[in-house]
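Contents: one structure, followed by commentary.
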Amino acid sequence: AGRSCSAQEPGAVPAGCLLDLPWEDILVPHILCHLPLQQLLGLQRVSKAFQALVQLYLANMRCFDSSQVWGAAFLNLLKDNKVLQQLELQNCSDWLTDRELLPVITRNHHLHHIQLKGCAQLSCHALMVISLNCPNLRRLSLAHCEWVDSLSLRSLADRCKALEAVDLTACRQLKDEAICYLVQKCSRLKSLSLAVNANVGDVAVEETAKCCPELEHLDLTGCLRVKNDSIRVLAEYCPKLRSLKVKHCHNVAESSLSVLRNRGVELDVEPLPQTALVLLQDMAGFAPFINLQI
């Protein structure tokens with residue numbers, strides 16, 4: 001009933017068409033999932049049956065990427081969906097505010113991946129709502145969301161302890177204390193970006209190292225207060241570390257990076273060539289403290 005096009009409505013497609021295939025078992029999981037959202041929106045206009053099929057697909061969609069839709073269409077597409085697991089909304093600052101985001105978050109309690117990079121018009125209230133409604137959240141990007149503050153990050157840490165990857169690039173309101181609270185509560189972190197934040201220093205990096213033994217990727221690009229001591233602690237406490245970014249960390253030198261480099265950790269700065277090291281050591285005796293960043 002309402003699941004095929006055998007009933008000949010005015011404007012309906014003739015019997016024996018695509019719509020006679022099982023909707024939930026074939027069309028939704030194996031065919032519609034391969035169509036771009038713009039084509040699905042166009043497909044809705046073919047007939048009432050196709051409109052019902054597309055609405056069924058949208059209500060059961062697990063992943064949503066905003067790259068093809070925006071504004072009012074976003075709310076309309078997800079108005080019946082309660083099973084989202086992945087929400088990609090990067091660089092939606094032109095239209096995405098709390099008004100559009102929060103209804104979607106409050107209906108979807110199974111989200112484990114949320115991408116909000118560059119969504120500048122949101123507020124810290126959005127992060128609070130995410131914390132309250134997404135207990136299974138594992139990956140969250142808040143890069144270049146300068147509205148993120150210490151209080152909203154603490155709420156996230158208190159309620160989303162399964163987090164494995166957090167991107168806080170350019171969240172400049174955050175200081176060492178807020179980062180320390182996050183890593184103490186979310187000890188399963190494997191990937192963390194604190195890049196482009198001059199407030200982040202050794203205290204945050206050392207606490208991250210001690211609290212997150214599973215850490216694999218750490219981005220400290222442009223963290224000017226980070227120094228050699230915290231990098232040594234990182235090397236000691238994070239045996240699974242695979243990559244470290246310290247470009248523009250002018251107080252981090254090869255003397256602390258060499259341990260990680262020798263262990264095979266991928267670094268984004270190159271060591272000074274050995275011949276130059278010998279020459280500088282002969283001239284001034286400070287070669288071990290030089291970090292040549294290319």
Check: Taking Cα atoms, how many degrees apart are the long axis of helix 150-159 and the longest axis of the chain, rounded to 10 and kept between 0 and 90?
Finding: 70 degrees
Item checked: Net charge dipole size for the chain [Lys, Arg +1 and Asp, Glu -1 on Cβ; Debye, nearest 20] -> 480 debye
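If you wrap a convex hull around the Cα atoms of region 59-208, how much volume per residue is inside, in Å³?
Looking at region 59-208, the number lands at 88 Å³ per residue.
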Item checked: Between region 34-104 and region 181-245, the Cα center-to-center distance that results, in Å -> 36 Å
Next item on the list: Kindly identify region 140-260 as rounded, prolate or oblate by the Cα gyration tensor criterion: order the square roots of the eigenvalues as a ≥ b ≥ c, call it rounded if a/c is under 1.5, otherwise compare a/b with b/c, prolate if a/b is larger, else oblate.
Entry: oblate
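Over the chain, average the accessible area per residue using a 1.4 Å probe and give it in Å², no decimals.
With the other protein chains kept in place, the chain gives 48 Å² per residue.
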Next item on the list: Compute the long axis of helix 202-211 from its Cα atoms, compare it with the longest principal axis of the Cα atoms of the chain, and write down the angle in degrees, 0 to 90, nearest 10.
Entry: 60 degrees
Margin query: I'd like to know which of 251, 66, 145 lies farthest towards the positive end of the charge dipole of the chain, counting +1 on Cβ of Lys and Arg and -1 on Cβ of Asp and Glu.
Written below: 66
Check: Among 209, 111, 56, which residue has its Cα positioned farthest towards the positive end of the charge dipole of the chain, with +1 placed on the Cβ of Lys and Arg, -1 on the Cβ of Asp and Glu, and the dipole taken about the Cα centre?
Finding: 56
Next item on the list: Quote the Stokes-Einstein diffusion coefficient, in whole µm² s⁻¹, for the chain, based on the Kirkwood radius over alpha carbon pairs, a temperature of 37 °C and a viscosity of 0.692 mPa s.
Entry: 151 µm²/s
Notebook entry, point to check: Any idea how many Lys pairs in region 157-264 come in under 17 angstrom at the alpha carbon, given 8 or more places apart or on separate chains?
Noted result: 13
Next item on the list: Run the dipole for region 72-128 about the Cα centre, Lys and Arg Cβ at +1, Asp and Glu Cβ at -1, nothing else charged, and hand back the magnitude in debye, nearest 20.
Entry: 140 debye
Next item on the list: Summarise the long-distance tail of P(r) for region 33-134 by giving the % of C-alpha pairs beyond 22 Å.
Entry: 27 percent
Note to self: Probe radius 1.4 Å, ligands and nucleic acids ignored: give me the carbon and sulfur share of the accessible area of the chain as a rounded percent.
What the structure shows: 52 percent
Checklist line | Spin-label model distance (nm) - residue 98 vs residue 20, 7 Å beyond Cα toward Cβ | finding: 5.3 nm
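The values are calculated or read from the model by the stated rules, or taken from the named source; none is laboratory data. Here the structure is a predicted model, which is why all the values come from computation and not from measurement. A quick note on method: Cβ atoms are made from the backbone with ideal geometry, for glycine too, and the neighbour counts reach across all protein chains shown. The accessibility values were calculated without ligands, DNA or RNA, using every heavy atom of the protein model including side chains. Shrake-Rupley method; radii C 1.70, N 1.55, O 1.52, S 1.80 Å.
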